[in-house]
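The values are calculated or read from the model by the stated rules, or taken from the named source; none is laboratory data. All of these numbers come straight from a predicted model, not from anything done at the bench. With ideal geometry, Cβ positions are generated from the backbone for all residues, glycine too; neighbour counts draw on all protein chains shown. Just the protein is used for accessible areas: all its heavy atoms, side chains included, with ligands, DNA and RNA removed. Shrake-Rupley method; radii C 1.70, N 1.55, O 1.52, S 1.80 Å.
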Amino acid sequence: MAEYLLAIIADSVRWLVWSKTKDAKFNRKRPKPIPRPGDDEAKKQGKGRMAGAVALTIEEVKRRLALPRK
């Protein structure tokens, strides 16, 4: 967990520094995210961060949005 959090922090700082440059103004040379632990293994298995994600139909999204909130 600590490695994930450190990678998120490092990515955030790199993005913040990049956002103040001329490259950011023209949306070029964006910093690449730091690889997370297990990313290499997931790629070998054909799985990414969105592995197991299911696309919803528009009707299903509307139905879920219409549900009462707690």
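The table for this structure:
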quantity: Segment 38-63, residues that are open to solvent by 100 Å² or more (accessible area, probe 1.4 Å), modelled with pLDDT of 70 or more and over 18 Å from the mean Cα position of the chain (by Cα); calculated: ILE58, GLU59, LYS62, ARG63
quantity: Check on PRO35, modelled with pLDDT of 90 or more, part of a loop (DSSP other than H, G, I, E, B) and open to solvent by 60 Å² or more (accessible area, probe 1.4 Å); calculated: no
quantity: Evaluation of ASP11 against (1) surrounded by fewer than 10 Cβ atoms within 10 Å (Cβ to Cβ); (2) modelled with pLDDT of 90 or more; (3) within 15 Å of the chain's Cα centre (by Cα) (one fails), failing number; calculated: (1)
quantity: Segment 51-70 residues that are in contact (Cβ under 8 Å) with a residue 24 or more places away in the chain, paired with ones that are of a type in the set (Lys, Arg) and open to solvent by less than 90 Å² (accessible area, probe 1.4 Å) (beta carbon under 8 Å, 6 or more apart); calculated: none
